[in-house]
1. Provide the FRET efficiency to the nearest 0.05 for the Ile80-Glu234 pair, computing r from the beta carbons and using R0 = 60 Å.
2. For each pair in Lys169/Lys269; Lys222/Lys269; Lys39/Lys320, compute the distance between the two Cα atoms and list the pairs where it is over 18 Å.
3. Nearest-5 percent of antiparallel DSSP beta bridges in the chain?
4. Cβ neighbours within 10 Å, averaged per peptide: list 45-54, 333-342, 436-445 in order, most packed at the top.
5. When the C-alpha atoms of the chain are aligned to their principal axes, what extent does each axis show, in angstrom, from largest down?
6. Per residue, how many Å² of accessible area does the chain show with a 1.4 Å probe?
7. Would you mind telling me the share, in percent, of accessible area of the stretch 49-108 contributed by carbon and sulfur at probe 1.4 angstrom?
8. Tell me which residues come under 5 Å, amide H to amide H, from Gly321 once H is placed; ignore anything under 5 positions away on its chain.
Amino acid sequence: MALSTAEVETDESVHSTFASRYVRTTLPRFKMAEHSIPKEAAYQIINDELMLDGNPRLNLASFVTTWMEPECDKLIMSSINKNYVDMDEYPVTTELQNRCVNMIARLFNAPLGDSEAAMGVGTVGSSEAIMLAGLAFKRKWQNKRRAAGLPTDSPNIVTGANVQVCWEKFARYFEVELKEVKLREGYYVMDPAKAVEMVDENTICVAAILGSTLNGEFEDVKTLNDLLAEKNKETGWDTPIHVDAASGGFIAPFLYPELEWDFRLPLVKSINVSGHKYGLVYAGIGWVIWRNKEDLPDELIFHINYLGADQPTFTLNFSKGSSQVIAQYYQLIRLGLEGYRHVMENCMENMRVLKEGLEKTGRIEIVSKDVGVPLVAFSLKDNSSHDEFEIADLLRRYGWIVPAYTMPADAQHVTVLRVVIREDFSRTLAERLVNDIQKVLHDLDMLPSKMKAKMEMAGKKTEMETQREVTTLWKKFVMERKNKSSGVC
């Protein structure tokens, strides 16, 4: 959750337009109003402000699902008032959650008997799932060390520098040292050999990423497992592996069924996956699955009875809505293995269309891999005059939200743009995006380099004057383009 800040430079009141039919006074922006207003006015005021948000379907920065079938939307709305934690009051919802856990566990090849129940839990996303998995690893490590009379004050976890920020949060919040394997140009995932070298007796687990946020690439979990098994045998340790499959967990089983990354590998003890990414559910659902019951210490599970019956719970949250759990179950039974496979194959095909279109420009270098999450990460072959951040800025004129960012250490000199291909990103949109990127590149060619403009004016004007001139130049260019493209509707 983002921390809130008040825009103190803006007017402290909210002014309505159409809502003035119902309300004649302004509303305070940062405190509650003294009097009520009509429901129509409240709706109109909020709806008008939300019009300034971006279009979720054109937000190519996000992995999160932005479209579901109308039938599922109805299920979501009909269950939006159910509190997921009230298991005794909503036993069917609890049963659906358990079905989801067992379906996903078997999808990940958990070693379960025909009638054996899987060990797992639904969460609000992969961040909470990773916190829970990390706590289980830390507690198991502490219990073993205490039993051997060894200190427990220096736990660490080994990851690549490409991990999502939730791993840094876990390390900081729960006092675990984060040991990161640095990246290098051309290799933007964790090197298994280097990761195993960093493992010591205080390592609670090694975290592998199935689908890097940076370029979609799958890390080599099989090689990591084999190397770590050798080290465990040599040292007598039993360092385990957690797989962060937030993005790739619903992709690999359908597109790369022979790839060994899951519970087929003996050292993989837990896996998290985001239902709201390629699980095809709206934001607010994640899952964490353990290999077996022994991998989740019982002392981490709380039992409550003040909602009716004895209820075991292992979450960081308590109350939460049931809608996303029900939506996940809908997708699992609606699509089945065949349906998920078709969706993922279609995403990969649209990814190839976009990739090939960008390559044909002759000016773009593809950074992402063909095997992995369906996304295209790319850089300019020559960014000496204009860079990737300028492309991201100008694409917003066409409605596209495409992030530009620098790689982590030690590849921070590399800047990339990333387009995530979701289910609702069609071939037509892919072709349109390529056309708009070509327009942006042409527009940038017509502009002097920002760096060159600053250098020409250096020494003659103050830094503030220089910045103002550069900004004015860009504003003039944007307005000219806008005037040329505007017409009467």
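The values are calculated or read from the model by the stated rules, or taken from the named source; none is laboratory data. These numbers were taken from a predicted model, which means no experiment stands behind them. A quick note on method: Cβ atoms are made from the backbone with ideal geometry, for glycine too, and the neighbour counts reach across all protein chains shown. Keep in mind that these areas ignore ligands, DNA and RNA; they rest on the heavy atoms of the full protein, side chains included. Shrake-Rupley method; radii C 1.70, N 1.55, O 1.52, S 1.80 Å.
1. On the way: r = 54 Å, r/R0 = 0.90.
Once rounded, the FRET efficiency stands at 0.65.
2. Details: Lys169/Lys269 21 Å; Lys222/Lys269 14 Å; Lys39/Lys320 26 Å.
Among Lys169/Lys269; Lys222/Lys269; Lys39/Lys320, the Cα-Cα distance tops 18 Å for Lys169/Lys269; Lys39/Lys320.
3. Working: 29 of 47 bridges.
About 60 percent, rounded to the nearest 5.
4. 436-445, 333-342, 45-54
5. 71, 58, 46
6. On the way: 25610 Å² over 489 residues.
Ligands and nucleic acids excluded, the figure is 52 Å² per residue.
7. Numbers: 1980 of 3390 Å².
Solvent-exposed carbon and sulfur of the stretch 49-108 make up 58 percent of the total.
8. Those qualifying (amide H under 5 Å, at least 5 residues apart or on another chain) are Tyr84.
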